[in-house]
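Beneath this line is the structure, given in structure tokens, with notes to follow.
The values are calculated or read from the model by the stated rules, or taken from the named source; none is laboratory data. Fair warning: this is a prediction, and the values are worked out from it, not measured in the lab. Neighbour counts are summed over all protein chains in view; Cβ atoms, including those assigned to glycine, are modelled from backbone coordinates with ideal geometry. The protein model used for the area step is the full one, side chains on, heavy atoms only, and it has no ligands, DNA or RNA in it. Shrake-Rupley method; radii C 1.70, N 1.55, O 1.52, S 1.80 Å.
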Amino acid sequence: MKFSVLMSVYNLENHKFLEKSLESITVNQKIKPDEIVIVEDGILSKDLSNTIKFFKKKYNIISVKNKVNLGLGKSLNKGLKHCSNEWVFRMDSDDISKYNRFYEQIKFIK
């Protein structure tokens, strides 16, 4: 089953938390998403931008940029339009997913 992961990131977030979050769904995951959609909600710090760039080079990450901070709800709605799969799993940029998170969710859905 194909699925997307959707998250929004804004300037005051910690780039190390974002890195751990992205590692938990790209490296340390039993079943990996087909795509990750990250909404950059306004201008981000250099560290956050570099973290996103690093992961974009290795994984199918779609980056959607807001010129100004729109807030979580509007950003997620905007990002949802860029998800190409029927199933979208939501994460915050500091969430750490367990190794079998998506496997268990997909098993439940089926």
Taking the stretch 22-48 and keeping residues outside any loop (DSSP other than H, G, I, E, B) and open to solvent by 30 Å² or more (accessible area, probe 1.4 Å) leaves E23, K46, D47
Condition met for F55 (under 20 Å from H82 (Cβ atoms) and at pLDDT 95 or above)
yes
Note: among I96, I62, I106, just one is more than 20 Å from K20 (Cβ to Cβ) and within 13 Å of the chain's Cα centre (by Cα), namely I62
| message | Based on this model, can you work out whether K53 counts as outside any loop (DSSP other than H, G, I, E, B), under 19 Å from Y10 (Cβ atoms), among the charged types (D, E, K, R) and in contact with a strand residue (DSSP E or B) (Cβ under 7 Å, 6 or more places away or on another chain)? | response | no
Of those in the stretch 58-103 that are assigned to a helix (DSSP H, G or I) and within 18 Å of S24 (Cβ to Cβ), the residue modelled with the lowest pLDDT is K58
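Collect the residues in the stretch 77-91 that are open to solvent by 60 Å² or more (accessible area, probe 1.4 Å) and touching a residue at least 24 places away in the same chain (Cβ under 8 Å), keeping them in residue-number order.
K78, L80, H82, S84, E86, W87, R90
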Q) Quick one: is K98 open to solvent by 90 Å² or more (accessible area, probe 1.4 Å) and farther than 15 Å from K2 by Cα? A) yes
Note on the stretch 56-76: residues within 14 Å of S4 (Cα to Cα), of a type in the set (S, T, N, Q) and open to solvent by 50 Å² or more (accessible area, probe 1.4 Å) are N60
